[in-house]
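Asks: I have a structure here, written as structure tokens, and I will follow up with some questions on it.
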Amino acid sequence: MKPALLVIDVQKAFFKNPETTQSLNQAIAQINMGIELFREKRLPIICIQHMVKENGLMPGTEGFDLPESLGILPTDPHIHKTYGNAFNKTSLEALLRELHVDTLIITGYCAEYCVFSTYRGALDLDFTPVLLRGAIASRSPANIPFVENVNDIISYGILKKLLTSFETSQDNNQEYYNLKKML
């Protein structure tokens, strides 16, 4: 297993009303915990941003930008998309294959649209997608439980434990390889 963290469409343009803003801010708190964990483990974090030319949601516009509270760095890979499914007509699949990623921890906005579509797209491409509990947002927060219930989900605590186990197994594999070379 080699995981990557996907952060989908957490952009300033989507902070439009109090309910959506609250949902996004709650998700950002969990997303940032995931980002910190993935940075600590030196695993890929990929930022995905939605573009809509007709609405002026394009690179260089304020609405396209990420909120300051989100822990994405300019050095993290950024994918720009025009469809709900982040794999559709983007370089996301090629990037993940190049990084030898097979498992996707999915976070972001909007739960029932782009998050759900990307999750399904990942399945179609033989990736293992998993939602990070509490790290998806919606303009209709009542839809979040539905999306979480019909997809695989993981809590932050279990993710942290798994990534620690993953790191240990990688270390053990390296020790085994080094030992084998000496024999």
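Asks: Please find, among G60, G71, G134, the residue that is part of a loop (DSSP other than H, G, I, E, B), modelled with pLDDT of 95 or more, within 16 Å of the chain's Cα centre (by Cα) and small (G, A, S).
Replies: Exactly one of G60, G71, G134 is part of a loop (DSSP other than H, G, I, E, B), modelled with pLDDT of 95 or more, within 16 Å of the chain's Cα centre (by Cα) and small (G, A, S), namely G71.
Asks: Which residue out of E54, E93, E19 is acidic (D, E), modelled with pLDDT under 95 and either farther than 20 Å from R133 by Cα or out of contact with any Asp or Glu (no Cβ under 6 Å at 6 or more places or on another chain) (or both)?
Replies: Exactly one of E54, E93, E19 is acidic (D, E), modelled with pLDDT under 95 and either farther than 20 Å from R133 by Cα or out of contact with any Asp or Glu (no Cβ under 6 Å at 6 or more places or on another chain) (or both), namely E54.
Asks: Continuing with the same structure: Name every residue in region 38-57 that is in a helix (DSSP H, G or I) and more than 15 Å from the chain's Cα centre (by Cα), in order of residue number.
Replies: Passing the criteria: E40, K53, E54, N55.
Asks: For residues that are touching a residue at least 24 places away in the same chain (Cβ under 8 Å) and either in contact with a strand residue (DSSP E or B) (Cβ under 6 Å, 6 or more places away or on another chain) or among the acidic types (D, E) (or both), scanning just region 30-42, find the one that is farthest from S69 (Cα to Cα).
Replies: The residue in question is F38.
Asks: Among the residues of region 1-24, write down those that are among the acidic types (D, E) and either out of contact with any Phe, Trp or Tyr (no Cβ under 6 Å at 6 or more places or on another chain) or part of a strand (DSSP E or B) (or both).
Replies: Residue satisfying the conditions is E19 alone.
Asks: Can I ask one more? Which of the following residues is at pLDDT 95 or above, among the polar types (S, T, N, Q), under 23 Å from N143 (Cβ atoms) and in contact with an Asp or Glu (Cβ under 8 Å, 6 or more places away or on another chain): Q11, Q30?
Replies: Selected residue: Q11, the only one of Q11, Q30 that is at pLDDT 95 or above, among the polar types (S, T, N, Q), under 23 Å from N143 (Cβ atoms) and in contact with an Asp or Glu (Cβ under 8 Å, 6 or more places away or on another chain).
Asks: Here is a further query. Out of all the residues in region 134-164, which are touching a Ser or Thr at 6+ places or on another chain (Cβ under 9 Å), crowded, with 16+ Cβ neighbours inside 10 Å and either of a type in the set (K, R) or farther than 15 Å from F38 by Cβ (or both)?
Replies: G134, I136, A137, S138, R139, P141, I144, V147
The values are calculated or read from the model by the stated rules, or taken from the named source; none is laboratory data. Just so it is clear, the model here is predicted, and its values are computed rather than measured. Backbone-built Cβ (ideal geometry, glycine too); neighbour counts: all protein chains shown.
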